[in-house]
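Reviewing the structure listed below.
The values are calculated or read from the model by the stated rules, or taken from the named source; none is laboratory data. All values reported here derive from a predicted model rather than from experimental measurement. Don't worry about glycine lacking a Cβ; one is built from the backbone with ideal geometry, like all the others, and counts go over all protein chains shown.
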Amino acid sequence: MKYPSAFITGLLVLTPLSFLYALSTGSVDIGWNEIWQVIIGKEHGLNHDLIVDLRLPRATSAFLTGAMLAMAGALMQVLLRNPLADPYILGVSGGAAVAALSAMIAGLGGLWVTGSAFIGALFSTFLVFGLAHRQGSWTSTRLLLTGVIVAAGWGALISFILSVAPEANLRGMLFWLMGDLSHTDSSLLPLIILIVCFFICMPFARDLNILARGELQASALGVSVFSLRLNVYFIASILTASAVTLAGSIGFIGLIVPHIVRLITGSDNRTLLPASILMGGCFLTIADTLARTIISPQQLPVGVITAMLGVPFFLFLLQKNKQYS
């Protein structure tokens with residue numbers, strides 16, 4: 001039995017709690033009362049600086065990154081009709097990684113790395129689309145195979161860059177490849193991208209439900225399959241590119257979160273998309289807090305935490321869910 005309304009209500013409650021956990025936990029623990037004093041403007045000391053300048057921007061970036069990856073994963077799984085699809089399966093993260101690592105090895109930093117990652121992700125998106133698109137159409141299989149091959153090519157380039165990179169740059173490169181939120185800022189652009197993509201997708205959520213049943217049935221029911229798939233592909237790619245640009249390559253969010261949401265709420269994209277956004281955001285906010293505190297003062301790449309949590313949970317889903325038997 002599915003409980004979509006109760007689940008989304010629970011996620012709406014969990015969202016501020018995950019932020020409170022992120023704001024209160026760190027090398028210096030801050031009580032919830034002190035956090036409230038900062039919120040209402042009565043605290044301007046160390047706690048204010050820790051929360052406003054460090055923890056809140058990082059928690060916000062973690063939430064937005066998780067939300068974008070989860071939404072992109074849900075869209076990719078519908079687009080490819082493949083439960084193993086995730087935001088990175090079509091090589092978007094590989095293109096971003098090659099461009100970002102190239103900027104790092106050239107001695108560039110900050111906005112150069114961020115901008116290079118976004119350009120690389122978009123380049124990979126258009127490359128896969130151009131190679132998979134033939135005679136005015138494509139198939140899910142052709143798109144998937146093209147994406148996997150392009151991703152493998154990017155992987156080879158990443159290995160080459162790491163093998164020739166100076167040792168002084170390797171640590172930063174590896175952190176970026178495993179997901180790193182320690183250098184994020186408070187830009188509103190990721191929030192705007194997430195909101196715009198969400199409101200673009202929701203009007204055709206019903207069409208996505210039909211598409212998930214098969215292209216022939218969708219066409220028979222009046223759905224413009226090609227334009228729908230094109231929109232889904234580019235929206236998912238923009239979300240993935242933005243997430244990778246913001247935090248590097250963070251695995252498992254876009255793979256397991258949509259699965260969990262489907263098990264609880266069902267496959268209706270009118271519920272699946274908003275629930276995935278909220279759950280992905282909460283999951284990564286909590287995971288990033290663990291990453292920076294679990295062996296404090298040393299920090300772990302957040303991708304390590306998401307993988308450690310995601311691998312056993314996904315194996316559990318495979319064992320328990322009869323549809324994979």
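Brief remarks follow.
- Given (1) crowded, with 24+ Cβ neighbours inside 10 Å; (2) farther than 23 Å from Leu157 by Cβ, number of the condition Met76 does not satisfy: (2)
- Those helices (runs of 4 or more DSSP H) lying entirely in the stretch 211-323 with at least 1 residues within 15 Å of Gly179 (Cα to Cα): 225-247, 253-265, 269-293, 302-320
- Helices (runs of 4 or more DSSP H) within the stretch 121-209 that include 1 or more residues under 21 Å from the mean Cα position of the chain (by Cα), within 24 Å of Leu69 (Cβ to Cβ) and free of Cβ contacts under 8 Å to residues at least 40 places away in the same chain: 140-164, 189-201
- Subset of the stretch 16-41 that is within 15 Å of Val52 (Cβ to Cβ) and among the aromatic types (Phe, Trp, Tyr) - its residue that is modelled with the lowest pLDDT: Trp36
- The lone criterion from (1) part of a helix (DSSP H, G or I); (2) without any contact (Cβ under 8 Å) to a residue 24 or more places away in the chain left unmet by Ile30 is number (1).
- Note on the stretch 36-73: residues that are closer than 23 Å to Ala205 by Cβ and either surrounded by fewer than 22 Cβ atoms within 10 Å (Cβ to Cβ) or of a type in the set (A, V, I, L, M, F, W, C) (or both) amount to 8.
For (1) among the hydrophobic types (A, V, I, L, M, F, W, C); (2) closer than 30 Å to Gln299 by Cβ; (3) surrounded by 12 or more Cβ atoms within 10 Å (Cβ to Cβ), each residue gets a yes or a no:
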{"position": "Trp112", "(1), (2), (3)": "yes, yes, yes"}
{"position": "Gly115", "(1), (2), (3)": "no, yes, yes"}
{"position": "Phe118", "(1), (2), (3)": "yes, yes, yes"}
{"position": "Phe123", "(1), (2), (3)": "yes, no, yes"}
{"position": "Leu131", "(1), (2), (3)": "yes, no, yes"}
{"position": "Thr146", "(1), (2), (3)": "no, no, yes"}
{"position": "Gly153", "(1), (2), (3)": "no, no, yes"}
{"position": "Leu162", "(1), (2), (3)": "yes, yes, yes"}
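- Residue in the stretch 86-102 that is without any contact (Cβ under 8 Å) to a residue 60 or more places away in the chain and not hydroxyl-bearing (Ser, Thr, Tyr) present: yes
Residue by residue, here is whether (1) buried (at least 17 other Cβ atoms within 10 Å of the Cβ); (2) in contact with a Phe, Trp or Tyr (Cβ under 9 Å, 6 or more places away or on another chain); (3) in contact (Cβ under 8 Å) with a residue 12 or more places away in the chain holds:
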| residue | (1), (2), (3) |
| --- | --- |
| Ser219 | no, no, no |
| Val223 | yes, yes, yes |
| Phe226 | no, yes, yes |
| Ile235 | yes, no, yes |
| Ile256 | yes, yes, yes |
| Thr265 | yes, yes, yes |
| Leu273 | yes, yes, yes |
| Ala287 | yes, no, yes |
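- Test result for Val244, over 20 Å from Pro83 (Cβ atoms) and of a type in the set (A, V, I, L, M, F, W, C): yes
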